[in-house]
Amino acid sequence: MTRPHHRPLSILPAVLVSLAVLGTLAGCGYRLRADGRPVGLEVESLAIPLMTSTSSRIAFEPDFTKVIREEFISHANVPVLPRERAQMVLIGHVRNIQTDPLTYDLDPRTIRGHDVTYAVTDSRRLRVELDAKLVDRATGNIVWQDSGLSDEARFEVSPDPLRTRHNQREALRRIAGRLAKRVYLKTMERF
């Protein structure tokens, strides 16, 4: 005697959650456009000048700006032009960049007959706070502004300072990538 196949009940919650998410997105008017044009805003062209920063610890502004430009160039169907020729200008200012120790390793040593244990930082957390705004160049009107964008990433600390600096720059690129996606959505997928 063959038993009929039934779908496991464990699939049901996933289906219900998916339907709820789709219903919520449809209810708030959120729409994705496949053509790379902004939703709810006319943007003929965009300038993304060099991001500014109050921090002098690491010269990251060119890398940060490049990642944000690449996000728009690769996904948006809006030309990225020099500031004097663009309709809209995306202005970004990194208001805070901070590193904090995250994990430690203990380094026991004997110095002049005394046992000493040093806490050595293994990894650090890099945190970036970004203020960004989209400005209509002709009128000076602010289309959107967010003074609270932030993200963080972990990086390994090495005995080699060049390796540590490389790891920190990679962490910054990861942060820039995530912030670029958020800035892109604020500009292109408005609802």
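The values are calculated or read from the model by the stated rules, or taken from the named source; none is laboratory data. Not measured: the values here are computed from a predicted model. Note that we place each Cβ from the backbone using ideal geometry, even for glycine, and neighbour counts take in every protein chain shown.
For the reader, a short list of remarks on this structure follows.
- Residues in segment 90-115 that are in a strand (DSSP E or B) and among the basic types (Lys, Arg) were compared, and the one that is surrounded by the fewest Cβ atoms within 10 Å (Cβ to Cβ) is Arg109.
- Matching entry among Glu129, Glu152 (being modelled with pLDDT of 95 or more, in contact with a strand residue (DSSP E or B) (Cβ under 8 Å, 6 or more places away or on another chain), under 18 Å from Asp63 (Cβ atoms) and of a type in the set (D, E, K, R)): Glu152
- Some residue of segment 122-139 being surrounded by fewer than 17 Cβ atoms within 10 Å (Cβ to Cβ), free of Cβ contacts under 8 Å to residues at least 12 places away in the same chain, farther than 17 Å from Val67 by Cα and of a type outside the set (S, T, N, Q): no
- Subset of segment 140-191 [closer than 16 Å to His93 by Cβ, buried (at least 16 other Cβ atoms within 10 Å of the Cβ) and among the acidic types (Asp, Glu)]: Asp151
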